[in-house]
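The structure under discussion appears below in the form of structure tokens.
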Amino acid sequence: MSIPNTYKTEAIVLKHADLGEADRILTLCTSNLGKLRAVVKGARRTTSKLAGHVEPLTHCSMMLVRGRQMDIVSQSQTIESFLPIRNDLWLTAQALYLVELTDVFTSEATENYPVYKLLLDALHHLSRIRHVTLLFRYFELQLVGHVGYQPQLRQCLNCQLPLEPVQNLFSPSGGGVLCPNCAHTEPVIQPISVNTLKVLRLLQRGDWATASRLRLNPDLSRELERVIQGYARYLLEREIKSTSFLDRLRKEGIGSSSD
Ligand SMILES: [Zn+2]
């Protein structure tokens, strides 16, 4: 059976870049094909009918044609343009943070519907709320979970006993929480209070309707940010290091199939 030459998908436009004289390359977060890069021919011409439907932060329904190097967008219909976000510089900056995070944490052509849905829902929530801190923490924790790094928050990473309601320790490299007795088993740890751990567990459940009713005091908010962003940063640095490590191996001819 031959692969069809055209296909349809729903997508959120994460970003775009200029290509050649008049074209654009889009980075898309799709509902069924993961992250995808595609070309829009003539998108920078004033006469382009597609240009208005392929702007970053647009949720759209697209028709694509398979290309030799990159697929080409042949049609695009806006489903949602998130006008309240677009019309507000501050909200735009917040939305771009969510988009950027999605971009760096996902890989091309790896189907991940939960990530697509998470981003879409977050953009809808963002245009309705004024306090984005909690939404950001929810988004960050859900995102790392959906790409395979769900932190362990109920049992100790080392002894596997249920965590007691005392000050425990968060370990980014271990991917979760250690009880005080096992603190020595990971090199980098940070204290995590009972309340922060409770909030993390609630955010991890993926129920935004309940999570959004939380009210965080400044101390709790700061600790939550330190734990989640510290974990996300650790994951990204590890990812970046392993990629450049692989590149080096390839350059040196190690790990390639040509030996
Ligand atoms: Zn333990």
Calculated FRET efficiency for the pair residue 104/residue 185, C-beta based, R₀ 30 Å, to 0.05: 0.55
For segment 1-131, alpha-carbon Rg relative to the globular expectation (2.2 N^0.38 Å, N residues): 1.04
Estimated distance in nm for a label pair at residue 77 and residue 236, the labels positioned 7 Å out from Cα along Cα-to-Cβ: 3.6 nm
³J(HN,Hα), Karplus 6.51/-1.76/1.60, whole Hz, each residue of segment 170-180, x for Gly, Pro: 9, 10, x, 6, x, x, x, 10, 10, 7, x
³J(HN,Hα) computed for each position of segment 200-212 - Karplus, 6.51 cos²θ - 1.76 cosθ + 1.60, integer Hz, glycine/proline x: 4, 5, 5, 5, 5, 4, x, 9, 5, 4, 6, 4, 5
For segment 26-34, 3J(HN,Hα) per residue [Karplus equation, 6.51 cos²θ - 1.76 cosθ + 1.60, θ = phi - 60°, Hz, x = Gly/Pro]: 9, 10, 10, 9, 9, 6, 10, 10, x
Separation in nanometres of the label points that stand 7 Å from Cα toward Cβ, at residue 166 and residue 213: 3.3 nm
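Can you tell me the FRET efficiency between residue 87 and residue 152 if r is taken as the Cβ-Cβ distance and R0 is 30 Å, rounded to the nearest 0.05? Mind showing how you got there, number by number?
On the way: r = 41 Å, r/R0 = 1.38.
Approximately 0.15, to the nearest 0.05.
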Principal axis dimensions, largest first and in whole angstrom, of segment 148-241 by Cα: 36, 34, 24
Computed helical MRE - 222 nm, the chain, DSSP H runs ≥ 4 contributing -39500 (n - 2.57), nearest 500: -12000 deg cm²/dmol
Segment residue 127-residue 66, length gained on full extension (0.36 nm per residue, minus Cα span): 18.5 nm
Tail beyond 22 Å, pair distance distribution of the chain (Cα, percent): 63 percent
Linear extension gain, residue 205 paired with residue 32, 0.36 nm per residue minus alpha-carbon span: 60.0 nm
Stretch gain in nm, segment residue 44-residue 15, where the contour uses 0.36 nm per residue and the Cα spacing is subtracted: 9.0 nm
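Read-outs: derived from the displayed coordinates by stated rules, not from any lab. Model, not experiment: these values are computed from the prediction. All Cβ positions, even for glycine, are placed from backbone atoms using ideal geometry, and neighbour counts span all protein chains on display.
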